[in-house]
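Only one structure is covered here, and it is reproduced in the block below.
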Amino acid sequence: MGRSARAFDPGRRANPGGSGRAQDPEAAAGGGVASTADPPRGTLGEAALFALLTLLPWGITGCGGGLPPLKEEEAARVVEVAEPVAAALTRSLLGRLAAALEEGGPAQAAEFCSREALRLTAQVQDSVGGGLVLKRTSFRYRNPANAPDPAEEEALRYFEEGIRRGAGARPAHYVQRFSEDEFRYYKPLFVAELCTGCHGHPETFSPELRQVLADRYPGDLATGYEVGQLRGVLRVSVPAARIKP
């Protein structure tokens, strides 16, 4: 895949708006409404609202290799298709994660993610059908199978740069024309206070949690986070046929 065209100006408003099995969503993840709320430090519901359902300005781009530029109306349609799917995955994972945390604390939550996240992601993917593919990824991944590909790295860099600029609201999503047959939608995922139980500073972890992480993820890169930091992205791949009028 070649280099992408420059992203759409994140300050400009627009109308709202792969193939294969789902990949393990171990990374912690709108329309045209802007928000500049600070990251929540409270309940799971507040964290979910901020980390996964925030509505902010957005970017669009088209990958290189002779592909036509991505039109704003195409990007809006991709968002329209992908946003409800991202919300469905969020509800499924957060509900089960909350139960695991309440029942056994961070160690059990880590066990849940290692055993069940892939299965639940596949269930949501199969339930929506239509060729949509779901994944979460990060530069600081926990499972090497979730390492970002070049297109995902581009999306991660887009959000990192938007955060570094620090002017106004942070970008809420990013849309790519990945190929003639596939578009990609990305939503940024931010660290909420509850996430630090498993993704915070290791010196604060219980011996049980440290052992779980050492056993399940010996090459773990996903610790040392502070509340409000970018954790990664949620990606929804959308077949081009799904956005045709």
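Quick notes on this one:
- Looking at TYR185, TYR225, TYR174, just one residue is of a type in the set (Phe, Trp, Tyr), touching a helix residue (DSSP H, G or I) at 6+ places or on another chain (Cβ under 7 Å), assigned to a loop (DSSP other than H, G, I, E, B) and surrounded by 17 or more Cβ atoms within 10 Å (Cβ to Cβ), and that residue is TYR225.
- Here is the figure for the stretch 111-149: residues that are outside any loop (DSSP other than H, G, I, E, B), among the basic types (Lys, Arg) and surrounded by 17 or more Cβ atoms within 10 Å (Cβ to Cβ) total 2.
- Looking at GLU102, GLU80, just one residue is surrounded by fewer than 20 Cβ atoms within 10 Å (Cβ to Cβ), under 17 Å from PRO239 (Cβ atoms) and among the acidic types (Asp, Glu), and that residue is GLU80.
- Here GLU160 fulfils each of the conditions (1) farther than 25 Å from GLY95 by Cβ; (2) among the charged types (D, E, K, R); (3) modelled with pLDDT under 90; (4) surrounded by fewer than 16 Cβ atoms within 10 Å (Cβ to Cβ) apart from (3).
- Of all residues in the stretch 165-201, exactly one satisfies the criterion of being at pLDDT below 90 and among the hydroxyl-bearing types (Ser, Thr, Tyr), namely THR196.
- Cβ-Cβ distances below 7 Å connect the following pairs, each with a first residue in the stretch 150-165 that is over 13 Å from GLY232 (Cα atoms), a second residue that is modelled with pLDDT under 95, and a separation of six or more residues or different chains: PRO150/MET1; ALA151/MET1; ALA151/CYS63; GLY162/PRO10; GLY162/ARG170; GLY162/PRO171.
- From the list ARG235, ARG210, the lone residue that is surrounded by fewer than 17 Cβ atoms within 10 Å (Cβ to Cβ), basic (Lys, Arg) and either in contact with a Lys or Arg (Cβ under 6 Å, 6 or more places away or on another chain) or closer than 21 Å to GLY104 by Cβ (or both) is ARG210.
The values are calculated or read from the model by the stated rules, or taken from the named source; none is laboratory data. None of these values were measured; they are calculated from a predicted model. As a convention, Cβ positions derive from the backbone with ideal geometry for all residues, glycine included, and neighbour counts pool all protein chains shown.
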